Each structure stands twice: as structure tokens, then as C-alpha cells.
Amino acid sequence: MELTTFASGSTGNCALVSTGQTRVLIDAGISFLKLKTFLNDLGYAPEALSGVLITHEHSDHIKGLSTLVKRTELPVFAPRRVATELWRRLPETDGCVQVVPVDEPFFLGELRVTAFETPHDTPQSVGYRFDDPSGSAAVCTDLGHVPESVRAALAGVDTALIECNHDITRLKLGPYPVSLKRRILSDHGHLCNEGCGELAVFLARQGAKTLVLGHISKECNTPDKALKVVGSALDAAGCGGVALYAAPAEGLLRVPVKGGEPCLRSN
């Protein structure tokens, strides 16, 4: 199994989990042209995808979805309230969106998939866990805090893409309006570096060997700062053996779920 990120940040989010003949896209927050280019780099055609999982309906997660389904007719999978928002915002997805359960595993090809709720400022937001005989991975971004239910859903994964959105001081001193700062800092906003560090330590103690930091804010954080804070938290907890990477805002990061050298190409 491999986890690949194509984009991760406020301008767009898109990732891929692949194993055997199964290739599942998580969110479609980049243009079809960019997605096609990244997939071609991996040797895949968009039509060869097994489907698209949507975490929530914010534009940085779905802005490329309309063109993608028009060009490929791929099935789209989302929990009930997310699906309802997709039908409302993107009527052209009517007929291709399939509702999936939350907290109950289902299968997409060779992957056992489990959706789990994440606390974010939308009617519904989820992360996804993927398991097969070769290992386990998860995508968990866009959450303001980490409740026990999220920890339980992620426990035992080998590799995870987790949110490391902002440095609190930079956010407070930054250019955003007060209302947006409050939203980001809320329990249904975005996870700060320290919060990500706490989650990283939990995952490492549960057996995770590779962590990818995602949704790093361009205005209120840097990849180096995120890696330093989370890396320090892991070292302090005696978990310094975890491989730690920062997902590019746009660019290909390909990580084998069971370890090994990653492939990185940024635009």
C-alpha cells in the first residue's frame, strides 16, 4: 500500500491511497489537468481510479470534482450529510455519489475503508482509514481538536497524513481578520503544530512508523516549523524513530505505508 499526496493546504487538497489494482482518491481540490499530470507521473490514467472519497464540501477539497466526474464518470463516495452538500453545491454529481457509512467498514476493491467523524466547521466532516493485508493508512485533516473517537479510529495505523495547520503565535499576529482567527483556533477549526505533535506521539505509541504533516498554512506556518515542533514532541516522548515528512502545498509526495524511501517532487 502507498499513500501519495498531490496537494495539501488551504488552496487545494488531494491524496491517493493505492494497493494492488485499487487506487482511491481522497478529495479533489485541484484541477483535472493537475490531477491528470500527477497521476501520469505515477503511471495511472484518471479513468483507472477506483473512485473518489470526499471528506467534506469546502472548496479546497472539491473544486476539481465536477470536471473529474464529467471526464471519467468515476463513482464518488461520501457520508450522508457530505453527500447532501455535494448534491446541493454540485448538481452535476447527482447520480454518481454513493452514500457510505460512518464508523462501519466498507470495501473499495482490495481496501477496507472506514470513515470517521472529524470536528470541523461543516455540517459533516470525516477522515478515512484504509486497511489491507499489507498495512494500514489514514487521512485525517481539517479538525480543530482530536477527540477520543478520532484517536480510536487512527489507533494502530502504519502511516497517516495528519493536520499541522498553524503556529498559534503567527496566526494571532498575522493578517487574517479576527473572525477567521477565532474560527481557525476553535475546536471546529484547524489543528495547531502543538496539537499535531500530541497526535503524532499518540500514533507513534500505537505503532505508526511514518507520519506526513498536511494542510500546513502558507500564511501562518512553514513546513520547517511544523516538522521542528512535531519532531521535538516525538523526540521528547522517546518516539524519535518515526519517519516524518511535510506534504507539499502542491507536489507529489509518495510514501510506502510499510516504510521505505519516499518519492518527492514539488511543482
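The values are calculated or read from the model by the stated rules, or taken from the named source; none is laboratory data. Everything quoted here is computed from the prediction, not taken from an experiment. With ideal geometry, Cβ positions are generated from the backbone for all residues, glycine too; neighbour counts draw on all protein chains shown. Heavy atoms of the whole protein, side chains included, go into the accessibility calculation; ligands, DNA and RNA do not. Shrake-Rupley method; radii C 1.70, N 1.55, O 1.52, S 1.80 Å.
Structural remarks
- Selected residue (only one of Asp187, Asp224, Asp167 is among the acidic types (Asp, Glu), within 23 Å of Ser149 (Cβ to Cβ) and within 20 Å of the chain's Cα centre (by Cα)): Asp187
- Set side by side, the residues Leu234, Leu180 differ, and just one is of a type outside the set (Gly, Ala, Ser) and either under 17 Å from the mean Cα position of the chain (by Cα) or open to solvent by less than 40 Å² (accessible area, probe 1.4 Å) (or both), which is Leu234.
- The range 237-252 - residue that is within 16 Å of the chain's Cα centre (by Cα) and part of a loop (DSSP other than H, G, I, E, B) and, of those, farthest from Lys34 (Cα to Cα): Ala247
- Any hit, the range 25-40, residues being closer than 20 Å to Leu211 by Cβ and crowded, with 17+ Cβ neighbours inside 10 Å: yes
- Matching residues, the range 181-220, being on the phi > 0 side of the Ramachandran plot and of a type outside the set (Gly, Ala, Ser): His215
- Val257 modelled with pLDDT under 95, under 23 Å from Ala137 (Cβ atoms) and within 15 Å of the chain's Cα centre (by Cα): yes
- Residues being assigned to a loop (DSSP other than H, G, I, E, B) and either open to solvent by less than 60 Å² (accessible area, probe 1.4 Å) or in contact with a Pro (Cβ under 9 Å, 6 or more places away or on another chain) (or both) - total across the range 122-133: 4
- Within the range 42-82, the set of residues being among the small types (Gly, Ala, Ser) and either farther than 18 Å from Asn13 by Cα or free of Cβ contacts under 8 Å to residues at least 24 places away in the same chain (or both) comprises Gly43, Ala45, Ala48, Ser50.
- For the range 138-171, a residue qualifies if it is within 15 Å of Glu194 (Cα to Cα), in a helix (DSSP H, G or I) and either free of Cβ contacts under 8 Å to residues at least 12 places away in the same chain or open to solvent by less than 10 Å² (accessible area, probe 1.4 Å) (or both), and the qualifying residues are Thr169, Leu171.
- Pairs where the first residue, in the range 213-232, is farther than 10 Å from Ala246 by Cβ and the second is open to solvent by less than 50 Å² (accessible area, probe 1.4 Å) and small (Gly, Ala, Ser), C-beta under 7 Å, 6+ apart: His215/Ser8; His215/Gly9; Lys218/Gly9; Glu219/Gly174; Cys220/Gly174; Val229/Gly197
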